[in-house]
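Visitor: Okay, here's the structure, questions in a sec.
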Amino acid sequence: MTSFYRLVFFGLATLTPLALPAEWNQWRGSLRNGVSDDTTPIAPTFPAEGLVPLWESETIPSDHDGGHSSPIVSGGRVFMSVVWHTRVPSETRLIDSQVTGALGHRGTNVLGAELTAKMEETRKNLPRLRGQAMEEWIKKWVADHLNEEQKLVLGSWVESRFKQGLKAIDLEWLDKVNARTGKPFATQVEMVRWLEDEGFPPDVKERVLGAVPDTIKVGRDTLICLDAESGKTLWKFEHDGKPTGRQTSGTPAVVDGKVYAVGSTHLYAVDAEKGELVWKTELKPAGAGSSPLVHDDKVWVMAGGVMCVSAKDGKTLWTNKDVKGDTASPLLWTTSDGKTTLVCNARQTLVGLDPATGLELWTVPGGGQSSPVVEGDRLVVFSGTKDVGLRCYLAKPDGKPEESWSHWWMSRRYTGSPLIHEGHVYLTCGGKHQCLELVTGKVMWQEEVESTITSPVLIDGKFLTLEGNGMFLRLAKASPQKYELLGRTKVEAMWCPTPAPSHGRLVVRRKDKMVCFDLRGGAAQ
């Protein structure tokens, strides 16, 4: 660690995380709003030859084998939490979501029983067409029979089943396999007996046996610390955990010399300098995608319900099990009347809690995986709940906030989080980029872009976002006047984690490592 970073990290350790310069020390940055306080100028566009990594980390698994945690940067170090999955030989046979996905299973509730049956009957009696003619017939069938929501959720899956024709496994058998998810067989013989007892056809039985590995996953809760200058691993904290796949994807937070992270089974506090465990607190139920919020010697996290623990020793201060949800991340909302509320985007609603006691103060429509953002007396949330969509609430001193404006549209996903900049809301999720006036909700501009999950990052008056399943990084001007694309370059990132800016650089998570790019356009490194 350079002497400058050491001074920042330790000399300012008594300050709140909001006081540190150019810190991206938690989910969505120091202010938890997607806006970087880094004043380092970045280049007005990307170089013609693309961005070349300054460094690459060691191998780090992701997705089903490591989750979707985002990197953070604090004190000249990069941190990320991972449930590190490995496979070990075993007599046990386990059907999990990877197995069912590989076999082609999808839930069909959105189609309904009648349409699902019609789809399957059509698949088994397709017309004798080939090539482009068959492609066009399939697309027309989907267009004629599925509504917009059904097309967004399952349109491509229906098309794929038609293309497989009689080779696709009947839904009857896929549903039986899916019902066994997470219920292990003691041996291969036991699994074969189950398949035979259930009456699986020989060809389907063989495909299921071929999809289930002769290994089982084990998971270790892991915190990784890298040097921000070189990408070299400085330390790696590990603790026994359990395999949770992509479910455990919370982003850690660095505050006052400790790293707070959600693992598969515990919430951890680890010494940021040495990588040594300070305390751990069990999570019930295990596995959460929420990122911890740390403030005023308290840590809040959504894990099934909402829990608050002491930042000093991890002792539980309160829990609220009525607020269901474990993906969106909580934030504190201090309004003009001086009142501070803990805001949690639960599964179906947006909930305000007393941060000291966990008592519910109000509930309004909302819900989902997106984290809300606030500015003054206004809160903006992006929700898949019908008729909510992108919604702004206005705080009221005598009760729950009231709806100020709302924009709903049909989207495949409602997971990206918005940001607020100079009186305008920017959202880069739901299949489009858009800018709206914060006060009125007036749409200033919108652009169709394939960025269905990503949350934007604002730096130097520009916003960065991933598109095309993370393959490309897009740079645009943060201006309400018009949509102005400044650059687009290939970075091969994951599409869920949010990149971390720091001192004119950008740390991006790929499926098997972290990489760091220089955004300064040839500035001295």
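Visitor: I need the peptides 511-517, 79-85, 163-169 ranked by packing, meaning the mean over residues of other C-beta atoms within 10 angstrom, with the highest value on top. Show your work: numbers first, answer last.
Guide: Working: 511-517: 20.0, 79-85: 26.6, 163-169: 13.3.
Packing proxy ranking, top to bottom: 79-85, 511-517, 163-169.
Visitor: Could you please state, rounded to a whole Å, how far the C-alpha centre of the range 278-333 is from the C-alpha centre of the range 507-521?
Guide: Using only Cα atoms to place each centre, the spacing works out to 29 Å.
Visitor: Sort the range 292-403 into rounded, prolate or oblate with this rule: let a ≥ b ≥ c be the square roots of the eigenvalues of the Cα gyration tensor; rounded if a/c is under 1.5, and if a/c is not under 1.5, prolate when a/b is larger than b/c, oblate otherwise. Let's see the in-between values first.
Guide: Details: a/c = 1.95, a/b = 1.34, b/c = 1.46.
Oblate.
Visitor: Please work out whether the range 85-177 counts as rounded, prolate or oblate from its C-alpha gyration tensor, where a ≥ b ≥ c are the square roots of the eigenvalues and a/c under 1.5 means rounded, while otherwise a/b larger than b/c means prolate and anything else oblate?
Guide: It is prolate, given that a/c is not under 1.5 and a/b is the larger ratio.
Visitor: Sum up the charges of everything whose Cβ sits under 14 Å from the Cβ of residue 48, counting Lys and Arg as +1 and Asp and Glu as -1, but leave residue 48 out.
Guide: Its environment carries a net charge of +1.
Visitor: Tell me the GluC sites (Glu not before Pro) within the range 34-76 that lie in a loop according to DSSP and have at most 15 other beta-carbon atoms within 10 Å.
Guide: 49, 58
Visitor: Given a 1.4 Å probe and every protein chain left where it sits, what share in percent of the accessible area of the range 179-259 is carbon and sulfur? It would help to have the intermediate numbers written out before the result.
Guide: On the way: 1850 of 3740 Å².
About 49 percent, which is the carbon plus sulfur part of the accessible surface.
Visitor: Helix 148-164 versus the longest principal axis of the chain: what angle, 0 to 90°, nearest 10, using Cα atoms?
Guide: For 148-164 against the chain, the angle is about 50 degrees.
Visitor: Just how far, in whole angstrom, is the range 439-488 from the range 113-151 if you go by their alpha carbon centroids?
Guide: The two parts, judged by their Cα centres, are 35 Å apart.
Visitor: Run the quick spin-label model on residue 280 and residue 194: label points 7 Å from Cα toward the beta carbon, then report their separation in nm to one decimal.
Guide: Roughly 2.9 nm, to one decimal.
Visitor: Net charge near residue 297: determine it from the other residues with C-beta under 15 Å of the C-beta of residue 297, scoring Lys and Arg +1 and Asp and Glu -1.
Guide: Numbers: positive: 258, 298, 312, 315; negative: 256, 296, 313.
Surrounding charge for residue 297 is +1.
Visitor: Using a 1.4 angstrom probe and counting only protein chains, how large is the accessible area of residue 225 in Å², to 10?
Guide: Accessible area, nearest 10 Å²: 0 Å².
Visitor: For the range 116-148, which trypsin sites (Lys or Arg not before Pro) are in a loop by DSSP, counting at most 16 other Cβ atoms within 10 Å?
Guide: Answer by residue number: 124, 128, 130.
Visitor: For the range 294-394, which trypsin sites (Lys or Arg not before Pro) pass both filters: DSSP loop (anything but H, G, I, E, B) and at most 11 other C-beta atoms within 10 Å?
Guide: Listed in order of number, the matching sites are 315, 321, 386.
Visitor: Here is a follow-up. What does the charge dipole of the chain about its Cα centre add up to, to the nearest 20 debye, if the Cβ of each Lys and Arg holds +1 and the Cβ of each Asp and Glu holds -1?
Guide: 640 debye
Visitor: Based only on Cα atoms, what mean projected area does the convex hull of the chain have, in nm²? Walk me through the numbers before you get to the answer.
Guide: Working: hull surface 104.0 nm².
One quarter of the hull surface, i.e. the mean projection, equals 26.0 nm².
Visitor: Quick one: angle between helix 131-145 and the longest Cα principal axis of the chain, in degrees between 0 and 90, rounded to 10, please.
Guide: Once rounded, one gets 70 degrees.
Visitor: If you line up the long axis of helix 112-123 against the longest principal axis of the chain, both from Cα atoms, how many degrees apart are they, to the nearest 10?
Guide: Taking Cα atoms only, the helix is inclined about 60 degrees.
Visitor: To continue, here is another question. Under the rule of -39500 (n - 2.57) per DSSP H run of 4 or more residues, summed and divided by the residues of the chain, what mean residue ellipticity at 222 nm is obtained, to the nearest 500 deg cm²/dmol?
Guide: Helices in the chain give a 222 nm mean residue ellipticity of -5000 deg cm²/dmol.
Visitor: For the range 28-169, what is the convex hull volume of the alpha-carbon atoms per residue, in Å³?
Guide: Working: hull volume 37.5 nm³, N = 142.
Measuring per residue, one finds 264 Å³ for the Cα hull of the range 28-169.
Visitor: Distance between the C-alpha centers of the range 247-277 and the range 386-437? Whole Å please.
Guide: Centre-to-centre distance over Cα atoms comes out at 30 Å.
Visitor: I've got another one for you. What dipole magnitude, in Debye to the nearest 20, does the range 79-162 give about its Cα centre under +1 on Lys/Arg Cβ and -1 on Asp/Glu Cβ? Can you show the working numbers first?
Guide: Values: 12 positive and 11 negative charges, 61 e Å.
The calculation lands at about 300 debye.
Visitor: Let me know the shape class of the range 91-133, please: from the alpha-carbon gyration tensor, a ≥ b ≥ c as square roots of the eigenvalues, rounded when a/c is under 1.5, otherwise prolate if a/b is greater than b/c, or oblate.
Guide: On the way: a/c = 3.15, a/b = 1.69, b/c = 1.87.
Taking the square roots of the gyration eigenvalues as a ≥ b ≥ c, the range 91-133 is oblate.
Visitor: Here's a follow-up. Sum up the charges of everything whose Cβ sits under 13 Å from the Cβ of residue 333, counting Lys and Arg as +1 and Asp and Glu as -1, but leave residue 333 out. Don't skip to the answer; put the middle values down first.
Guide: Details: positive: 32, 339, 378, 396, 400; negative: 337, 354, 375, 377.
Every neighbour counted, the sum reads +1.
Visitor: Three principal axis extents, largest first, for the C-alpha atoms of the range 222-366, in Å?
Guide: On the principal axes, the range 222-366 reaches 46, 33, 28 Å in Cα extent.
Visitor: Next up: Of 414, 286, 399, which is farthest on the positive side of the dipole of the chain, counting Cα position, with +1 on Lys and Arg Cβ, -1 on Asp and Glu Cβ, and the Cα centre as origin?
Guide: Positive-end residue among those listed: 414.
Visitor: Residue 224: accessible area at probe 1.4 Å, nearest 10 Å²?
Guide: Around 0 Å² of this residue is reachable by solvent.
The values are calculated or read from the model by the stated rules, or taken from the named source; none is laboratory data. Everything quoted here is computed from the prediction, not taken from an experiment. Glycine gets a Cβ as well: all are built from the backbone with ideal geometry, and neighbour counts include every protein chain shown. In case anyone asks, the SASA skips ligands and DNA or RNA and just uses the protein heavy atoms, side chains included. Shrake-Rupley method; radii C 1.70, N 1.55, O 1.52, S 1.80 Å.
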